[in-house]
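Report on the structure given below.
The values are calculated or read from the model by the stated rules, or taken from the named source; none is laboratory data. The structure presented is a predicted model; accordingly, all values stated were derived computationally and were not measured. Note that each Cβ is placed from the backbone with ideal geometry, even for glycine, and that neighbours are counted across all protein chains shown.
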Amino acid sequence: MSRDMFDDPRSQEADDLSLQAELLERRGELAAARELYGRAAGLEEALARETPGESPRVRGVLAISAVSLWAAAGALARAIGLADEFLADAGLTASARAELGKLVEELRARAAREHHNAVLATLMESWLRREPSGPDFDPDALERVRIEAA
């Protein structure tokens, strides 16, 4: 592909979508914002994949953008998988590889926190619905999850 990927109309569309998503997010319309972030992420991901190997800087910028947008869309597993895929690409610049590596590390930590919080919420909900001294109540399990989630 001879043209600059940033001149591709999808790049402008992704920018517009992410700006709209940010505005929605600021207004508290999180579901709508995530949907727009996801659409923008799909566009950036396609552009990153289509960027020729002769343009490693552009490919790296687009890959980082796509991963960040998938994370903003709430699709952490997809963001992490995409980051891992691009990190396996020997054609990225050292700076893009370092930035992507740092980003995926942060996303993995975020995913772990979200998982622990979900487990804690489930245990707490279960606890609130039952008699705390009933046969299914395990305060040690609840405390372990609470500590891990902190």
### Query
With respect to R129, is the statement that it is closer than 27 Å to D7 by Cα, basic (K, R) and out of contact with any Asp or Glu (no Cβ under 6 Å at 6 or more places or on another chain) true?
no
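Looking only at the stretch 91-106, which residues are buried (at least 17 other Cβ atoms within 10 Å of the Cβ) and either in contact (Cβ under 8 Å) with a residue 40 or more places away in the chain or not β-branched (V, I, T) (or both)?
So the first thing to find is which residues in the stretch 91-106 are buried (at least 17 other Cβ atoms within 10 Å of the Cβ), and the list is 92, 96-97, 99-100, 103-104.
L92, A96, R97, E99, L100, L103 - these are the residues of the stretch 91-106 that are buried (at least 17 other Cβ atoms within 10 Å of the Cβ) and either in contact (Cβ under 8 Å) with a residue 40 or more places away in the chain or not β-branched (V, I, T) (or both).
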### Message
What are the pairs with Cβ atoms under 6 angstrom where one residue, in the stretch 3-14, is of a type in the set (A, V, I, L, M) and the other, located anywhere, is in a loop (DSSP other than H, G, I, E, B) and modelled with pLDDT under 95? Sequence gap at least six, or different chains.
### Response
M5/T51
### Query
Given the residues A109, A88, which is the only one that is surrounded by fewer than 18 Cβ atoms within 10 Å (Cβ to Cβ), small (G, A, S) and more than 30 Å from I147 (Cβ to Cβ)?
A88
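Take G38 and tell me if it is on the phi > 0 side of the Ramachandran plot and modelled with pLDDT of 95 or more. Step through it out loud before you land on a result.
On the way: on the phi > 0 side of the Ramachandran plot: no; modelled with pLDDT of 95 or more: yes.
So G38 does not fit the description; no.
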### Message
Restricting to the stretch 122-150, and then to whatever is surrounded by 12 or more Cβ atoms within 10 Å (Cβ to Cβ) and under 28 Å from D84 (Cβ atoms), can you tell me which residue is modelled with the lowest pLDDT?
### Response
A149
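Among the listed residues G53, G28, G81, G38, which satisfies the condition of being under 13 Å from the mean Cα position of the chain (by Cα) and farther than 18 Å from E105 by Cβ?
G38
Among residues belonging to the stretch 1-14 that are touching a helix residue (DSSP H, G or I) at 6+ places or on another chain (Cβ under 8 Å) and at pLDDT below 95, point out the one that is surrounded by the most Cβ atoms within 10 Å (Cβ to Cβ).
Narrowing the stretch 1-14 to residues touching a helix residue (DSSP H, G or I) at 6+ places or on another chain (Cβ under 8 Å): 1, 4-6, 8, 10-11, 13-14.
Imposing the further condition that a residue be at pLDDT below 95 reduces the set to 1, 4-6, 8, 10-11.
Values: M1: 11, D4: 11, M5: 20, F6: 13, D8: 18, R10: 15, S11: 17.
Among those residues, the one meeting the criterion is M5.
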### Task
Quick one: in the stretch 43-58, of everything that is at pLDDT 95 or above and either among the charged types (D, E, K, R) or under 15 Å from L19 (Cα atoms) (or both), which residue is surrounded by the fewest Cβ atoms within 10 Å (Cβ to Cβ)?
E45
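Within the stretch 59-75, can one find any residue that is in a helix (DSSP H, G or I) and exposed (fewer than 14 other Cβ atoms within 10 Å of the Cβ)? Spell out the reasoning first.
Quick first cut of the stretch 59-75, residues in a helix (DSSP H, G or I) only: 59-72.
Still in the list and also exposed (fewer than 14 other Cβ atoms within 10 Å of the Cβ): none.
No, there is no match, as no residue in the stretch 59-75 is in a helix (DSSP H, G or I) and exposed (fewer than 14 other Cβ atoms within 10 Å of the Cβ).
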